[in-house]
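The values are calculated or read from the model by the stated rules, or taken from the named source; none is laboratory data. Nothing here was measured: the structure is a model prediction, and the numbers come from that model. In this analysis, Cβ positions are derived from the backbone assuming ideal geometry, glycine residues included, and neighbour counts consider all displayed protein chains.
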Amino acid sequence: MKKIVIADRFAVEALIELKKNKNFRVENYTETNIAEANALIIRSKFAVDANLLNQAKNLELIVTCTSGYDHIDLKETAQRNIKVMYTPEANVTSTAEHTWALLMACTRHIVFAHKEMKAGVWTRDPFVGFELENKTLGIIGLGRIGQRVAKMAQAFGMTVIAFDPYQLEDTFKKANVQRQSYEEVLKQSDILTFHVPATFETHHMLNRSHFEYVHEDLILINTSRGSVINEDDLADALQEKAIACAGLDVFNKEPLPRDSKLRKCTNAILTPHLGAFTEEAFLKASMQAAQQVENYFSKNILMNALPLQNEWGSLSFKERT
């Protein structure tokens with residue numbers, strides 16, 4: 001009998017699937033039952049570190065129902081021979097669509113115009129937008145989500161360029177995306193969007209030193225991880241009009257601190273990490289996690305195993321410090 005402990009929200013449909021297996025005992029997480037857990041199912045709010053693992057002496061498997069995994073200490077899990085998996089396909093559509101929602105809100109000043117209308121003001125002059133057709137979208141990280149965003153951009157008639165040193169040339173060709181250096185993407189983009197994980201390599205990969213490459217009409221979107229961008233430097237760039245607008249769904253500290261400089265930027269649209277926050281993504285992630293647990297214990301199959309090798313995400317969160 002394997003004890004499966006679920007430490008966060010989990011779809012009822014997926015829970016039913018797990019409970020169908022007579023060799024599984026499925027329970028919600030408590031500070032006491034983690035000691036007996038053979039498998040742990042989590043989401044991004046649940047951190048897995050040495051302290052937790054010291055309590056989980058019987059743990060064999062961790063599955064996170066997310067595409068990010070910087071909440072898991074992969075060095076510690078490897079030392080204990082605990083297998084780790086994630087669900088990278090589950091939130092591709094939801095995150096790509098939220099990227100586009102922020103992008104459109106920025107290009108057409110939708111949030112700011114809405115506030116004026118609610119305040120009883122009818123004015124259009126401050127809200128002149130621009131069309132996406134024939135503009136250039138720059139993508140940092142051409143993985144699953146980056147590729148989906150590229151496809152959406154092409155439907156709008158945009159030119160798409162990207163920086164991703166870990167994707168093969170064939171990936172760029174299939175996506176009809178031009179490969180460029182990081183600096184060239186910054187220089188050429190009308191809209192810049194980030195789709196990379198939180199690693200040592202990506203930490204603050206956009207900071208004050210990079211704003212000299214971009215033009216003042218740039219729109220910046222981040223639905224990946226907050227640590228990718230130096231938030232104080234970005235806030236300064238927004239207030240100094242070094243770029244036109246930013247749409248941000250992720251932040252270095254979540255919830256975003258009340259004293260964050262970003263809150264004072266009138267040309268920033270902020271959402272509380274909603275990229276994967278759809279009913280469909282939640283269900284897909286839960287079902288994929290349930291299937292991966294089933295496959296591991298019944299067939300010894302590892303699906304979407306971590307850590308990744310030779311990709312953006314090959315470093316664990318301890319190695320980022």
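So which residues in the stretch 138-172 are in a strand (DSSP E or B), more than 18 Å from Ile229 (Cβ to Cβ) and within 22 Å of the chain's Cα centre (by Cα)? Give the derivation first.
Quick first cut of the stretch 138-172, residues in a strand (DSSP E or B) only: 138-140, 159-163.
Now drop any that are not more than 18 Å from Ile229 (Cβ to Cβ), which leaves 159-161.
Correct list: Val160, Ile161.
Report the residue count in the stretch 199-211 for those that are over 16 Å from the mean Cα position of the chain (by Cα) and in a loop (DSSP other than H, G, I, E, B).
2
If only one of Leu61, Leu103, Leu18 is surrounded by 20 or more Cβ atoms within 10 Å (Cβ to Cβ), within 24 Å of the chain's Cα centre (by Cα), more than 30 Å from Cys245 (Cβ to Cβ) and at pLDDT 95 or above, which one is it? Explain how you work it out, then say what you get.
On the way: Leu103 fails: more than 30 Å from Cys245 (Cβ to Cβ); Leu18 fails: within 24 Å of the chain's Cα centre (by Cα).
Every option except Leu61 fails the conditions.
Please go through the stretch 195-224 and give me each residue that is within 18 Å of Pro88 (Cα to Cα) and acidic (Asp, Glu), ordered by number. Show your work before the answer.
First, pick out the residues of the stretch 195-224 that are within 18 Å of Pro88 (Cα to Cα): 195-199, 222-224.
Those that are within 18 Å of Pro88 (Cα to Cα) and acidic (Asp, Glu): none in the stretch 195-224.
Given the stretch 73-122, what helices (runs of 4 or more DSSP H) lie entirely inside it while holding 2 or more residues that are at positive phi and assigned by TED's automatic domain parsing to the domain that holds Gly247? Working first, answer last.
Working: elements: 74-79, 92-107, 110-118.
Per the criteria, no element qualifies.
Could we say that Gly247 is small (Gly, Ala, Ser), closer than 28 Å to Thr64 by Cβ and under 13 Å from the mean Cα position of the chain (by Cα) here? I'd like the intermediate steps shown before the answer.
Details: small (Gly, Ala, Ser): yes; closer than 28 Å to Thr64 by Cβ: yes; under 13 Å from the mean Cα position of the chain (by Cα): no.
Criteria not met by Gly247.
Of all residues being outside any loop (DSSP other than H, G, I, E, B) and of a type in the set (D, E, K, R) in the stretch 173-198, which is nearest to Glu216 (Cα to Cα)? Just the residue, please.
Filtering the stretch 173-198 for residues outside any loop (DSSP other than H, G, I, E, B) gives 173-175, 178-179, 182-188, 191-194.
Imposing the further condition that a residue be of a type in the set (D, E, K, R) reduces the set to 173-174, 179, 183-184, 187.
Numbers: Lys173: 30, Lys174: 32, Arg179: 23, Glu183: 16, Glu184: 16, Lys187: 11 Å.
Across the stretch 173-198, the extreme among qualifying residues is Lys187.
Return the residues of the stretch 123-137 that are in contact with a strand residue (DSSP E or B) (Cβ under 6 Å, 6 or more places away or on another chain) and either among the acidic types (Asp, Glu) or assigned to a loop (DSSP other than H, G, I, E, B) (or both); say none if nothing qualifies. Can you show your working first?
Of the stretch 123-137, the ones in contact with a strand residue (DSSP E or B) (Cβ under 6 Å, 6 or more places away or on another chain) are 136-137.
If the condition is that a residue be in contact with a strand residue (DSSP E or B) (Cβ under 6 Å, 6 or more places away or on another chain) and either among the acidic types (Asp, Glu) or assigned to a loop (DSSP other than H, G, I, E, B) (or both), then no residue fits.
Quick grid of which residues meet (1) in contact with a Gly (Cβ under 6 Å, 6 or more places away or on another chain); (2) of a type in the set (Ser, Thr, Tyr):
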{"site": "Asn176", "(1), (2)": "no, no"}
{"site": "Lys187", "(1), (2)": "no, no"}
{"site": "Ala198", "(1), (2)": "no, no"}
{"site": "His203", "(1), (2)": "no, no"}
{"site": "Phe211", "(1), (2)": "no, no"}
{"site": "Thr223", "(1), (2)": "yes, yes"}
{"site": "Ser227", "(1), (2)": "no, yes"}
{"site": "Glu231", "(1), (2)": "no, no"}
{"site": "Asp236", "(1), (2)": "no, no"}
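Are any of the residues in the stretch 204-220 buried (at least 22 other Cβ atoms within 10 Å of the Cβ), over 22 Å from Glu231 (Cα atoms) and without any contact (Cβ under 8 Å) to a residue 60 or more places away in the chain?
no
Regarding the stretch 278-287, can at least one residue be identified that is part of a loop (DSSP other than H, G, I, E, B), in contact (Cβ under 8 Å) with a residue 24 or more places away in the chain and either within 23 Å of the chain's Cα centre (by Cα) or not assigned by TED's automatic domain parsing to the domain that holds Tyr86 (or both)? Working first, answer last.
Quick first cut of the stretch 278-287, residues part of a loop (DSSP other than H, G, I, E, B) only: 278.
Imposing the further condition that a residue be in contact (Cβ under 8 Å) with a residue 24 or more places away in the chain reduces the set to 278.
Going one step further and asking which of them are either within 23 Å of the chain's Cα centre (by Cα) or not assigned by TED's automatic domain parsing to the domain that holds Tyr86 (or both), we end up with 278.
Yes, some residue in the stretch 278-287 is part of a loop (DSSP other than H, G, I, E, B), in contact (Cβ under 8 Å) with a residue 24 or more places away in the chain and either within 23 Å of the chain's Cα centre (by Cα) or not assigned by TED's automatic domain parsing to the domain that holds Tyr86 (or both).
Within the stretch 226-260, work out how many residues are in a helix (DSSP H, G or I) and within 19 Å of Glu216 (Cβ to Cβ).
First pass over the stretch 226-260, keeping only residues in a helix (DSSP H, G or I): 226-228, 231-239.
Narrowing the set further to residues that are within 19 Å of Glu216 (Cβ to Cβ) leaves 233-239.
Matching residues across the stretch 226-260 total 7.
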